[in-house]
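A short worksheet on the structure shown next.
The values are calculated or read from the model by the stated rules, or taken from the named source; none is laboratory data. Every value quoted in this text rests on a predicted model; they were computed, and no experiment measured them. Cβ coordinates were reconstructed from backbone atoms using ideal geometry, including for glycine residues, and neighbour counts include every protein chain displayed. These accessible areas exclude ligands, DNA and RNA; they are computed on the full protein's heavy atoms, side chains included. Shrake-Rupley method; radii C 1.70, N 1.55, O 1.52, S 1.80 Å.
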Amino acid sequence: MKQKAVIIGGGIGGLATAILLAKKGFEVELVEKNEKIGGRANVFEAQGFKFDMGPSWYLMPDVFEHFFNLVGEKIEDHLELQQLTPSYRIFFKDEGKVLDLQSNVAEDKKLFESLEPGSGAKLEEYLALSKIQYEIAVKDFMYKNYDSIFDFFNKRVMTEGRKLSVLSKMNKYVERFFKSEIIQKIMQYQLVFLGSSPYNTPALYNIMSHIDFNMGVFYPKGGIYKIIEALVTIAKKNGVVFRTSSPVGKIIIENKKTTGVELESGEVIAADLVISNADIEHTEMKLLPKESQTLKERYWKKRTMAPSAFIMYIGMKDKVPSLTHHNLIFCKDWKKNFAEIFDNPQWPDDPSLYVCCPSKTDPTVAPEGKENLFVLVPVASGLEYDDATLDAYKDKILSIMEKEMNIPNFKNRIEYIRTYSLKDFAKDYNAYKGSALGLAHTIMQTAFFRPNNRSKKVSNLYYVGAGTNPGIGMPICLISAELAYKRIMNITDPEPLKKL
């Protein structure tokens, strides 16, 4: 008889694991608490506007292509990808400076040279190293499971790890190459995708610059949710059964081994193995009894959480000429802003923020002549607030955007607006402390130090998604699915799988 696997949660990690196991011959059932599959990569429509609710950057196209190839699919049969030019636009607060980054090294060198003489050649050197480090990371680090500190600090890591600058911090690494504060910010902002600060993130993550500058930024026509729809299509083709609006109440354990899950409705789904794509803290603390918890309350209290977010979904009555597809406002006091997120949690007084305007690329996401804006301000996880706090912060951010992004009469041009923040992440995704992303990528929360993808207390219970290795981000969660598959199938090869 086929072995049966139950997947808890339909985020990208859960979906990808379901596909891998189904392709291998498992009977797979995926249960999702919400009405829609997708996890944080969700979508909603209002007044003719279509809003991607979470992820909005399509990066690491090689990882997406690898996954689709691995399961016998061609990515071009499912997604119509467009490379963005410019990749993104940066507005520097209170300076009136606006810069476009192209993901074209020749053009970006000219821009850097105009900001700091000699930095064009430094950029080329930095990106060459970043490319080498990315290739080492893919071959030896990212697709590898870790069980002990010796799996990480082995001979290979100690030789190649020197090239990866594993133990230095990102801000110090960038400062070795560039003296201009503006360029330093450009080279560090990608850490927002990892939910981390340059002051506590290992320089290993300078590989993000290769992903950004060398590989480029893409957009799937129709929106990010097209990725979810593609994965659901492939999953159904391979026999995966989906159950939505079906929150799990507990993981069933007999003799220290899972035998399935019990839904909040009381229905029991028997299984030979369970893979949780839910938030790991929720899985451990809410779905398991105390004696079966590997990571207990004291562990979570000591964790550094990635930021949450204050988000606005905005439908504009007309076009906004000053914006491109991806836009960033960089605050003046970089260090203070990161401290307000990580060290002294509070609503940032002078925030950096991100605005996605997908209607610049895709006319299907907004009515004709109108604009779709997704606004995200990174804020500390665990903040307390009420509706009045959110309303005041909304007005503050709209005023900043009006001034810094040159959007005259901004508030009166808004046709639709919805806010979304910490309490929504906690309610919709059982997110610990309302984090938008999960565990930050600090040195002590990377590789071996990140939660394992196999329970140490319960046999046949596995984890997948941003809370385990390799970490945060859509393509990274695809890799986490491959790691969960390797774990289940007892595959120890550190390289990406060539076949199932």
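If the cut-off is a Cα-Cα distance under 13 Å, which aspartates and glutamates reach Lys236, setting aside same-chain residues fewer than 8 apart in sequence?
Result set, ordered by chain and number: Glu27, Glu29.
Of all accessible surface on the chain at a 1.4 Å probe, what whole percent is carbon and sulfur? Don't skip to the end; give the middle numbers.
Values: 9970 of 19870 Å².
Looking at the chain in its full context, I get 50 percent from C and S.
In the stretch 384-467, what trypsin sites (Lys or Arg not before Pro) fall in a loop by DSSP, with at most 14 other Cβ atoms inside 10 Å?
On the way: sites: Lys394, Lys396, Lys403, Lys411, Arg413, Arg418, Lys423, Lys427, Lys433, Arg454, Lys456, Lys457; in loops: Lys456, Lys457.
When the trypsin sites (Lys or Arg not before Pro) of the stretch 384-467 are filtered for loop state and at most 14 Cβ neighbours within 10 Å, Lys456 remain.
Kindly flag which residue pairs out of Lys226/Lys360; Lys110/Lys403; Lys109/Lys179 have an alpha-carbon separation exceeding 25 Å in this structure.
Beyond 25 Å between Cα atoms: Lys110/Lys403.
Please work out how many pairs of lysine residues in the stretch 422-500 are eight or more positions apart (or on different chains) and have Cα atoms closer than 18 angstrom. Please list the in-between numbers first.
Numbers: Lys423/Lys433; Lys456/Lys486; Lys486/Lys498; Lys486/Lys499.
Close lysine pairs found across the stretch 422-500: 4.
With a 1.4 Å probe and all protein chains left in place, how much accessible area per residue does the chain have, in Å²?
Numbers: 19870 Å² over 500 residues.
In whole numbers, the chain has 40 Å² accessible per residue.
Using the charge dipole of the chain (Lys, Arg: +1 at Cβ; Asp, Glu: -1 at Cβ; taken about the Cα centre), state which of Thr492, Leu99, Val274 has its Cα farthest towards the positive end.
Thr492
Let me confirm the definition first: pairs of Lys residues in the stretch 13-83, 8 or more apart or on different chains, C-alpha distance under 24 Å. How many are there?
Working: Lys23/Lys36; Lys23/Lys74; Lys24/Lys74; Lys33/Lys50; Lys36/Lys50.
Number of lysine pairs found: 5.
Calculated from DSSP H runs of 4 or more alone, at -39500 (n - 2.57) each and per residue, what is the 222 nm mean residue ellipticity of the chain, nearest 500?
On the way: 15 runs with 155 residues, N = 500.
Only helices count here, giving -9000 deg cm²/dmol.
Taking GluC sites (Glu not before Pro) that fall in a DSSP loop and have at most 13 other Cβ atoms within 10 Å as cut points, what is the longest piece of the chain between them?
The reported range is 96-263.
As I understand it, the dipole of the chain uses +1 on the Cβ of Lys and Arg and -1 on the Cβ of Asp and Glu, about the Cα centre. Which of Thr419, Ile132, Leu461 lies farthest toward its positive end?
After comparing all options, I get Leu461.
For Lys296, give me every one of the aspartates and glutamates with a C-alpha distance below 20 angstrom, ignoring sequence neighbours fewer than eight places off in its own chain.
Asp147, Asp279, Glu281, Glu284
What does the net charge come to around Ile314 if you take all other residues with beta carbon closer than 11 Å to its beta carbon, with K and R at +1 and D and E at -1? Working shown, then result.
On the way: positive: Lys317, Lys370, Lys394, Lys411, Arg413, Arg418; negative: Glu371, Glu415.
Combined, the nearby Lys, Arg, Asp and Glu give +4.
What size of dipole, in debye to the nearest 20, comes out for the stretch 164-306 about its Cα centre when the only charges are +1 on Lys and Arg C-beta atoms and -1 on Asp and Glu C-beta atoms?
440 debye
Ignoring everything but the protein chains, give the 1.4 Å probe accessible area of Ile8 in square angstrom, nearest 10.
Approximately 10 Å² of Ile8 is accessible to the 1.4 Å probe.
For the full complex of protein chains and a 1.4 angstrom probe, list His78, His282, His325 by accessible area with the highest value first. Working shown, then result.
Values: His78 55, His282 30, His325 5 Å².
Ranked list, largest accessible area first: His78, His282, His325.
Take every DSSP beta bridge with both residues inside the chain and express the antiparallel ones as a percent of the total, to the nearest 5.
Around 70 percent antiparallel, to the nearest 5.
In debye to the nearest 20, how big a dipole does the chain give about its Cα centre with +1 on each Lys and Arg Cβ and -1 on each Asp and Glu Cβ?
On the way: 66 positive and 62 negative charges, 265 e Å.
The dipole of the chain has a size of about 1280 debye.
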